[in-house]
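The values are calculated or read from the model by the stated rules, or taken from the named source; none is laboratory data. For clarity, every value in this text was computed on a predicted model and none was experimentally measured. Glycine also receives a Cβ, built like all others from the backbone with ideal geometry; neighbour counts cover every protein chain displayed.
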Amino acid sequence: MESSSGFADIDAYIAAADPAARPILREIRRVVKLAVPQAQETISYRMPAFKLKRIFFYFAAFKKHVGVYPPVTGDKRLKKELLPFSNDKGNLKFPLNAPIPYELIARVAAALSVQYSGDVHDV
């Protein structure tokens, strides 16, 4: 059953996603949980999200890609690695028809968890 935020939980979001996107969404969820084990799952803006004191990571399925939000700002080396996947605002777009760089997404989650904790270090 959907809540006022759209979905009751991440399981409901994944179940409603296109079948081609479901395994990708499950794996993103898994790698974020491994990268930031203390994070809690939630739904915000009708998207799966992870939070510590506040939400630091969103992901969502679209017709041809999976998006990851918000942009990483505190790690110059990581930002450079993300350039092939970044749009003009820095949000990430991973095409469904290409290999998904899950290890890179895990690093994004870890960086965003630090970025949104207030302990940003530009390296």
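Cβ-Cβ under 6 Å, sequence separation 6+ or interchain: first residue in the range 1-14 and at pLDDT 90 or above, partner assigned to a helix (DSSP H, G or I) and basic (Lys, Arg). Which pairs? Pairs that qualify, where the first residue is at pLDDT 90 or above and the partner is assigned to a helix (DSSP H, G or I) and basic (Lys, Arg), are Ile14/Arg22. Being closer than 19 Å to Leu104 by Cα, in contact (Cβ under 8 Å) with a residue 60 or more places away in the chain, surrounded by fewer than 19 Cβ atoms within 10 Å (Cβ to Cβ) and not polar (S, T, N, Q) is not true of Leu52. When the criteria are applied in full, Ala12 fails the requirement of being in contact with a strand residue (DSSP E or B) (Cβ under 6 Å, 6 or more places away or on another chain), surrounded by 14 or more Cβ atoms within 10 Å (Cβ to Cβ) and either among the small types (Gly, Ala, Ser) or not in a helix (DSSP H, G or I) (or both). The listed residues are Pro37, Pro23, Pro95, Pro71, and the only one of them that is without any contact (Cβ under 8 Å) to a residue 24 or more places away in the chain and farther than 19 Å from Ile10 by Cα turns out to be Pro71. Have a look at Lys33, Lys53 and point out the one that is charged (D, E, K, R) and assigned to a loop (DSSP other than H, G, I, E, B). That would be Lys53, the only listed residue that is charged (D, E, K, R) and assigned to a loop (DSSP other than H, G, I, E, B).
Every residue, every condition in (1) loosely packed, with under 14 Cβ neighbours inside 10 Å; (2) closer than 22 Å to Phe7 by Cβ; (3) of a type in the set (Val, Ile, Thr); (4) touching a Cys at 6+ places or on another chain (Cβ under 7 Å), yes or no:
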| position | (1), (2), (3), (4) |
| --- | --- |
| Ala20 | yes, yes, no, no |
| Thr42 | no, yes, yes, no |
| Tyr69 | no, yes, no, no |
| Lys80 | yes, no, no, no |
| Leu104 | no, no, no, no |
